[in-house]
Amino acid sequence: MKATKRIIAVALAVMILALMIPFAASAVSSYTAEITGKDGYTITVYQIAAYDGAAYVPATGIDSTIAAQITKDTGIVPADLLAACETAKKAGNNTGTQSGNALTFGSDNKTTFTTTIEGIYYATVTATPAGVSVKKTGGCVFYLSDAKDSNGTPMTSQTIDMSAKIADGTVSVSKEIVNGDMGNTTQTTEHVGDNVTFKLTASVTGTKDEYLTSYVIHDSMSEGLDFVSVDSVTLDEATTLTSGTDYTVTSTNKADITIALTEAYLNNAKKATGDNGFYAAANVVVTLKGKLNANAVHGRTAGDDATAYDNTVANYNKDSLSYTNKQGVDSTVNGNSVHVYTFDVDLYKVDATDDTKKLDGATFTLTMGSKTYTATTANGGKATFTGLKKGTYTLVETNPPKGYNENTTQYTVTIGADGAVTSAQYDATLKGVKIGNTPVVMPATGGPGTMMFTIIGASLIACAGILFIVIMRKKKSTK
């Protein structure tokens with residue numbers, strides 16, 4: 001009897017433990033980031049915000065600039081958040097709470113970060129391998145939580161590549177779009193005729209001993225873009241160089257716009273004393289403007305957003321770096337392409353009582369902020385607004401077609417980042433916005449209304465004539 005009770009007790013204990021396992025497992029979730037870097041470098045990961053199930057909350061004591069990016073009303077822009085973290089690190093300010101131990105990249109250039117705490121994390125290089133000439137060490141920002149990304153995928157695991165943020169003798173050059181409207185630095189949309197600002201970042205290579213005799217950043221624009229100006233050239237966006245003295249700009253050929261450091265500047269850079277700080281910097285940064293012109297490619301197709309240097313689709317802009325060392329060896333490094341998209345909106349004017357009847361001669365305006373475009377329907381009731389950026393517009397008819405009432409309704413038209421047009425009036429068959437007008441209704445010629453007035457008028461004239469004759473006869477008879 002006692003043995004039976006013991007067996008039952010053990011069985012119950014096993015059952016209870018088995019039932020507790022799922023609850024224990026679900027009580028703690030694991031979040032993982034696989035990070036690619038460079039062999040021998042060490043990174044430290046800091047939690048900059050915790051996820052409370054509804055929003056991200058900045059870490060206690062974190063730099064106020066980072067906190068502002070996390071809590072701003074317009075949402076978190078990863079590029080802006082990373083910039084805030086990098087600036088705070090450079091200033092020696094709080095970049096969050098260290099999460100776990102420092103991690104070192106192995107021979108496969110990878111390391112894995114694991115945590116049980118949901119949030120936003122900042123990874124930054126905190127140690128470098130011996131004997132390496134380090135030119136640049138940048139960090140990265142990533143999310144680990146049960147929250148979903150823009151594709152609806154939970155961010156419980158991430159794959160992060162920060163290898164491009166580490167430069168140690170490897171020379172690189174890259175291009176970005178400043179203040180683009182597509183959430184990244186390689187694509188944007190714009191109105192034809194408006195400027196786009198680009199940032200070129202090229203590695204500083206060489207040393208005072210292994211000095212350079214030339215250093216030229218090249219910018220190449222497609223036929224859809226015109227060069228406007230070089231706005232600034234800096235070392236690490238901190239020290240501003242002087243045009244004409246430190247560098248020269250040649251822009252006669254927009255396929256090869258050059259920003260070249262002068263011979264005098266490079267000679268000064270290699271001096272043991274009184275140098276200009278060139279070799280102590282990580283990068284030369286150029287900010288320049290281009291204008292989207294009438295030759296711009298309109299629309300967007302698959303592959304347009306490729307960033308390969310040789311990509312030449314969709315109003316591309318690309319960069320490269322060429323330099324010569326003291327031995328006279330020339331080197332060229334190609335960067336990447338960025339793209340500017342512009343779109344069109346087709347409009348069709350139809351008879352509201354018969355939409356198969358297309359109407360020419362209707363004038364419309366399409367407005368976004370201070371931008372107003374005008375188009376008139378022709379050749380089958382069609383008008384096209386061209387060279388537009390993504391966003392929401394107001395469409396209004398300003399002049400109706402002949403014989404039709406004016407349509408005073410204000411319509412909303414939205415252009416997406418892929419160029420897709422959205423509107424309550426969008427017609428998928430016509431592939432455009434369809435607006436109807438009602439015809440002006442006039443009484444038919446010779447109808448009852450006209451005849452009645454004709455008869456009355458004739459009768460009044462006849463009566464007047466008879467009355468005149470009677471009066472004249474009376475006058476004669478009285479004489």
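The values are calculated or read from the model by the stated rules, or taken from the named source; none is laboratory data. Only a predicted model underlies this, so the values are computations on that prediction, with no experimental measurement involved. Please note: Cβ atoms are built from the backbone with ideal geometry, for glycine as well, and neighbour counts cover all protein chains shown.
Would you confirm, using the coordinates I've provided, whether Lys175 is basic (Lys, Arg) and touching a Phe, Trp or Tyr at 6+ places or on another chain (Cβ under 9 Å)?
For Lys175, the condition - basic (Lys, Arg) and touching a Phe, Trp or Tyr at 6+ places or on another chain (Cβ under 9 Å) - is met.
Answer yes or no as to whether Ala417 is in a loop (DSSP other than H, G, I, E, B) and within 22 Å of the chain's Cα centre (by Cα).
yes
In the stretch 74-98, which residues are buried (at least 20 other Cβ atoms within 10 Å of the Cβ) and among the polar types (S, T, N, Q)?
Within the stretch 74-98, just Thr95 meets the criteria.
For the stretch 172-194, check the following and say yes or no: at least one residue is within 30 Å of Gly106 (Cα to Cα) and charged (D, E, K, R).
yes
Among the residues in the stretch 55-64, are any part of a helix (DSSP H, G or I), more than 24 Å from Pro129 (Cα to Cα) and at pLDDT 90 or above?
Among the residues of the stretch 55-64, at least one is part of a helix (DSSP H, G or I), more than 24 Å from Pro129 (Cα to Cα) and at pLDDT 90 or above, which makes the answer yes.
When you check Met162 against the structure, is it over 18 Å from the mean Cα position of the chain (by Cα), farther than 18 Å from Asp236 by Cα and of a type outside the set (Ser, Thr, Tyr), yes or no?
yes
Take Ala296 and tell me if it is at pLDDT 95 or above, surrounded by 14 or more Cβ atoms within 10 Å (Cβ to Cβ) and part of a loop (DSSP other than H, G, I, E, B).
Here the answer is yes, as Ala296 does meet what is asked.
State which residue is farthest from the chain's Cα centre (by Cα) when the search covers only the stretch 177-198 and only residues that are crowded, with 19+ Cβ neighbours inside 10 Å, part of a strand (DSSP E or B) and not aliphatic (A, V, I, L, M).
Of everything passing the filter in the stretch 177-198, Phe198 is farthest from the chain's Cα centre (by Cα).
Which numbered condition in (1) in a strand (DSSP E or B); (2) of a type outside the set (Phe, Trp, Tyr); (3) buried (at least 16 other Cβ atoms within 10 Å of the Cβ); (4) under 32 Å from the mean Cα position of the chain (by Cα) is the only one that Asn311 fails?
For Asn311, the exception is condition (1).
How many residues, within the stretch 352-384, are under 20 Å from His298 (Cβ atoms) and in a loop (DSSP other than H, G, I, E, B)?
The total comes to 2.
Tally time: how many residues in the stretch 172-198 are among the aliphatic types (A, V, I, L, M) and touching a Gly at 6+ places or on another chain (Cβ under 9 Å)?
Residues meeting the conditions: 3.
Could you check how many residues of the stretch 199-214 are buried (at least 16 other Cβ atoms within 10 Å of the Cβ) and either of a type outside the set (Ser, Thr, Tyr) or not assigned by TED's automatic domain parsing to the domain that holds Tyr247 (or both)?
6
If only one of Lys271, Lys349 is assigned to a strand (DSSP E or B), of a type outside the set (Phe, Trp, Tyr) and touching a residue at least 24 places away in the same chain (Cβ under 8 Å), which one is it?
After applying the criteria, what remains is Lys349.
Taking the stretch 60-73, which residues are loosely packed, with under 12 Cβ neighbours inside 10 Å and of a type in the set (D, E, K, R)?
Asp73
Just checking, which of Gly303, Gly299, Gly277 is under 21 Å from the mean Cα position of the chain (by Cα), more than 15 Å from Asn317 (Cβ to Cβ) and touching a residue at least 24 places away in the same chain (Cβ under 8 Å)?
Result of the check over Gly303, Gly299, Gly277: Gly299.
Looking at Gly106, Gly100, which one is small (Gly, Ala, Ser), under 15 Å from Ala33 (Cβ atoms) and outside any strand (DSSP E or B)?
On inspection, the qualifying residue turns out to be Gly100.
Would it be correct to say that Asn109 is in the same structural domain as Asp52 (by TED's automatic domain parsing) and at pLDDT 95 or above?
yes
Which residue, of Thr185, Thr213, Thr234, is within 25 Å of Glu86 (Cβ to Cβ), polar (S, T, N, Q) and in contact (Cβ under 8 Å) with a residue 60 or more places away in the chain?
Thr185
Among the residues of the stretch 45-95, write down those that are within 19 Å of Ser145 (Cβ to Cβ) and either outside the structural domain of Gln158 (by TED's automatic domain parsing) or of a type in the set (Gly, Ala, Ser) (or both).
Ala49, Ala50, Gly53, Ala54, Ala55, Ala59, Ala67, Gly75 - these are the residues of the stretch 45-95 that are within 19 Å of Ser145 (Cβ to Cβ) and either outside the structural domain of Gln158 (by TED's automatic domain parsing) or of a type in the set (Gly, Ala, Ser) (or both).
Could you pull out the residue among Thr112, Thr137, Thr124, Thr128 that is in contact (Cβ under 8 Å) with a residue 12 or more places away in the chain and loosely packed, with under 14 Cβ neighbours inside 10 Å?
Matching residue, one of Thr112, Thr137, Thr124, Thr128: Thr112.
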